[in-house]
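Colleague: Got a structure for you, written out below as C-alpha cells; questions coming shortly.
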Amino acid sequence: MAVSADPSSTQLAPILRKTPEPPWDQALIPKERYLSAEVMRLEWERMWRRVWLYAGPLSDLAAVGDYFTFEIGPESVLVVRTAPDRVQAMYNVCQHRGRRIRQQGCGFARAFTCPYHRWRYSLEGRLVSAPDADFDFPQANPVAAGLCLPQVRCEVFEGLVFVNFDQRAEALAEYLTRDVMEHLHSYRWGAEFRINLDWTVAWPCNWKIGVDSFNELYHLQGIHPELMDMSDDTPAACPLDFYGRHSRFIYRVGVPGPRWDDAMARARGYRDANQITAGVRLMLKGLGLEPRPQWEGRVKELRPVLIAAARERANRQGIDTSGLVDDQLLDDFHYFLFPNITLNISAHHFWLFRHRPHPTDPERMLWDFQQFVRVRPGQAAPPRPPHENYVIGDGHEARFPHIALAQDEAQAEELQCGMRSAGFRGLYLAHQERRIRYFHRVLEEYLAQP
Ligand code: FES
Ligand SMILES: [Fe+2]
C-alpha cells in the first residue's frame, strides 16, 4: 500500500505527502472548557465570530431568489443568491424591532418581508418599503435613511457556501490553505456531488465532544468491532497531517490491520484472521467481485485487487478518476476543517459532520450530518432531501447509513456526564489522538486574542 513508501518523499502524489509534525506538549486538556458558560461566551466572541463557517450547499441556491438560513450559536444568517453569479449573506434580523425575518430552512423569495410590521427588504438586504415610512419616523424615514440587513462575508468553495462574521477576515482560500483546497478539489465536488441526506441531531454534550469524537481512530477497537476485519486503524498505518488550522488522517480501508488477529477473528466466528469475512465479502461485492479460491487465507494481500476493481468500476460508471491516487479510491480521507467540520471522503460519496454549539447551553450541541453522493455524467441529481431533526433515542439511530455513526453518537452523553465528575480532571491524550490536541491548541490561540 502507498503508505509504505517514504511519506515525506516528493515522489509521492502531493495529497499523500506527510506534513511536518508540530511540536507537542503533554498537558491535560482541561475539562472546564466542556462545561463553562464563560468559555462558551469567549468562544463566541473570539472564535466563532472570526472564522469561516460552512453554511450550506450551493445546490440549494440554484436560482436568483433561492435562500437558506444558517443557524450558529445565537445568530441566524440569511444566505441568498442575489444574482446569477452572486451569493450574499446577511444577518437574518429585521432592523425595525429585531424580529427574525425568515424561519429556519430554505426557500425562494422575490424580497424579504418581515412578518411583523411588513418592512420589506430587497434580496440584497436593502430596506425598500415600510408602512408609514414617509411621515411617522421622527428620526428619519428608514427607507430614505438606507437601512439594510448587515452583511456577512460569504464565499463558495467546491459547492459549499462559507460565511464569516468578521469583515476583516482573510479570504476563504487563505483560511483553508492551498493544500486542503487542492486535496478536496481532486474529488470534483463542486461539479459532481449533490446532497442526498440532511439531518440534525441534538446531542446532550458540548460541541467540542462532537469534534473530538471524530478526530481520532483510537476508539475504533473500542466501539466499532464491525470495522476491524476490513480496515487498519493502527497508528503505523494511518498518517496524520496538519495544514494551517486544519488536520487530516487517512483511514485505511480494504485490509484488516494487526489488531485483527486470530483470537479476534475466532471471537467473531472465523477460523483465523486470514479468512474472507462477511465484511470483506460485502466490500468485494460492492466492487463487482466474487471471492476467488486463491484469495482464501490471503485476505491481507487483497488491497491491490480492491484498488484496481474500484478504479475499473468507477471508469465503467463514467467517473473521471484521473485526478485521484489509488488510496483515494479505497481509503477514507478524513479532514477536520477548523472549527467544526469533519469530512469523511471517499471517491463516490462523502459525509460532512458539522458540530454546532447550542445557542445558550454549553452542555448541548447540534450535530449536523449531511451525505453527498457523486452524480455521474448524464445522471439525474437526487432530489433535495428534506432536513430532518432528531434527538438521541428517538429511533433515528437505526436509519444511519452505517452502524458506526450510532456507536459514535451513543458516547456523547456519557462523555458529557464524565466532564461533570469531580473524579475527572481533563483529557489524557494518546499521541495518536494528537489531532484533538491540535484542534484545542488552535482554539486556545483564538481565545487568547482579545
Ligand atoms: S420587527 Fe420587522 S417589521 Fe417590525
Ligand atoms: Fe467512530
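Colleague: If packing is taken as the mean number of other Cβ atoms within 10 Å per residue, what is the order of 83-93, 261-271, highest first?
Modeller: Details: 83-93: 17.0, 261-271: 13.4.
Order by mean packing, descending: 83-93, 261-271.
Colleague: Same structure, new question: Which whole-angstrom value gives the distance between the alpha carbon centres of region 119-156 and region 296-363?
Modeller: If we compute the Cα centre of each part, the gap is 45 Å.
Colleague: Mind giving me the nanometre distance, one decimal, between the label points for Glu397 and Asp262, set 7 Å out from Cα along Cα→Cβ?
Modeller: 3.6
Colleague: Ranking Lys208, Lys285 by Cβ neighbours within 10 Å, fewest first, what do you get?
Modeller: Lys285, Lys208
Colleague: Quick check on packing: order 68-79, 243-254 by the mean number of other C-beta atoms within 10 Å, highest mean leading. Each step should come with its number before you reach the end.
Modeller: Details: 68-79: 19.7, 243-254: 21.4.
Descending packing order for the listed peptides: 243-254, 68-79.
Colleague: So, one more: I'd like to know which of Ala109, Pro84, Ala63 lies farthest towards the positive end of the charge dipole of region 56-168, counting +1 on Cβ of Lys and Arg and -1 on Cβ of Asp and Glu.
Modeller: Final value for the positive-end residue is Ala109.
Colleague: Let me ask you something else. Using R₀ = 45 Å, calculate the FRET efficiency as 1/(1 + (r/R₀)^6) where r is the Cβ-Cβ separation of Ala404 and Ala144; round to 0.05.
Modeller: 0.20
Colleague: Starting with the fewest neighbours, write out Leu287, Leu42 ranked by other beta-carbon atoms found within 10 Å of each beta-carbon.
Modeller: The order, fewest Cβ neighbours first, is Leu42, Leu287.
Colleague: For each cysteine in the chain, check whether another cysteine's C-beta sits under 4.7 Å from its C-beta; list those where none does.
Modeller: By the Cβ distance rule, which asks for a partner under 4.7 Å, the isolated cysteines are Cys106, Cys148, Cys154, Cys205, Cys238, Cys417.
Colleague: Oh, and also: Provide the net charge surrounding Gly393, with neighbours chosen by a C-beta distance below 12 Å and charges set as Lys +1, Arg +1, Asp -1, Glu -1.
Modeller: Here the charged neighbours net out to -4.
Colleague: Assign unit charges at the C-beta atoms only (+1 for Lys and Arg, -1 for Asp and Glu), then state the dipole size of the chain relative to its Cα centre in Debye, rounded to the nearest 20.
Modeller: That gives the chain a dipole magnitude of about 600 debye.
Colleague: Check each of the trypsin sites (Lys or Arg not before Pro) in region 94-134 and keep only those in coil by DSSP with at most 10 other C-beta atoms within 10 angstrom; list them in order. Intermediate results must be reported in sequence, preceding the final value.
Modeller: Working: sites: Arg97, Arg99, Arg100, Arg102, Arg110, Arg118, Arg120, Arg126; in loops: Arg97, Arg99, Arg102, Arg110, Arg118.
Sparse-neighbourhood loop trypsin sites (Lys or Arg not before Pro): Arg97, Arg110.
Colleague: If you don't mind, there's one more thing I want to ask. Given points 7 Å out from each Cα along the Cα-Cβ axis, report the Gln317 to Asn389 separation in nanometres with one decimal.
Modeller: 3.4
Colleague: If you don't mind, there's one more thing I want to ask. Only Lys, Arg, Asp and Glu count, each charged at its Cβ (+1, +1, -1, -1), so figure out the dipole size of region 56-168 about its Cα centre, rounded to 20 debye.
Modeller: 220
Colleague: How far, in nm, would the chain grow between Ser421 and Val64 when pulled straight, counting 0.36 nm per residue and subtracting the alpha carbon separation?
Modeller: 123.3 nm is the gain from fully extending Ser421 to Val64.
Colleague: I'd like to compare 402-410, 366-374: which one has the highest average count of other Cβ atoms within 10 Å, and what's the full order after that?
Modeller: Most protected by this proxy first, the peptides run 366-374, 402-410.
Colleague: Contour minus end-to-end for Val128 and His96, with contour as 0.36 nm per residue of separation and end-to-end as the Cα-Cα distance?
Modeller: 10.2 nm
Colleague: Could I ask something else about it? Counting Lys +1, Arg +1, Asp -1, Glu -1, what net charge surrounds Ile276 among other residues with beta carbon under 14 Å of its beta carbon?
Modeller: So the surrounding residues net to +3.
Colleague: Let me ask something else. What Kirkwood hydrodynamic radius do you get for region 56-168 when you take the inverse of the mean 1/r over all pairs of distinct Cα atoms, in Å?
Modeller: 14.4
Colleague: To the nearest 0.05, how large is the calculated FRET efficiency for Ala278 and Arg118 if R₀ is 56 Å and r is the Cβ-Cβ distance?
Modeller: Plugging the Cβ-Cβ distance into 1/(1 + (r/R0)^6) gives 0.35.
Colleague: Can you tell me the 0 to 90 degree angle between the C-alpha axis of helix 434-447 and the longest principal axis of the chain, rounded to 10?
Modeller: Compared with the principal axis, the helix lies near 20 degrees.
Colleague: Tell me the Kirkwood radius of the chain: reciprocal of the mean inverse pair distance over distinct alpha-carbon atoms, in Å.
Modeller: 24.0
Colleague: Have a look at Ala140, Ala111, Ala191 and tell me which one the Gaussian network model of the chain (Cα, springs below 10 Å) gives the largest fluctuation.
Modeller: Maximum among the listed residues: Ala140.
Colleague: Within 12 Å, Cβ to Cβ, of Leu343, how many net charges do the neighbouring residues add up to if Lys/Arg are +1 and Asp/Glu are -1?
Modeller: Its environment carries a net charge of 0.
Colleague: Here is a further query. Length gain on complete extension for the stretch Ala171 to Leu28, per 0.36 nm per residue less the alpha carbon to alpha carbon distance?
Modeller: 48.1 nm is the gain from fully extending Ala171 to Leu28.
Colleague: In nm, give the distance between the simple-model label positions of Glu158 and Arg41, each being 7 Å from the Cα along the Cα-to-Cβ direction.
Modeller: 3.8
Values quoted throughout were computed directly from the atomic coordinates according to the rules given, and no laboratory measurement underlies them. Source: prediction; values computed, not measured. Every residue, glycine as well, gets a Cβ built from its backbone with ideal geometry; the counts of neighbours run over all protein chains shown.
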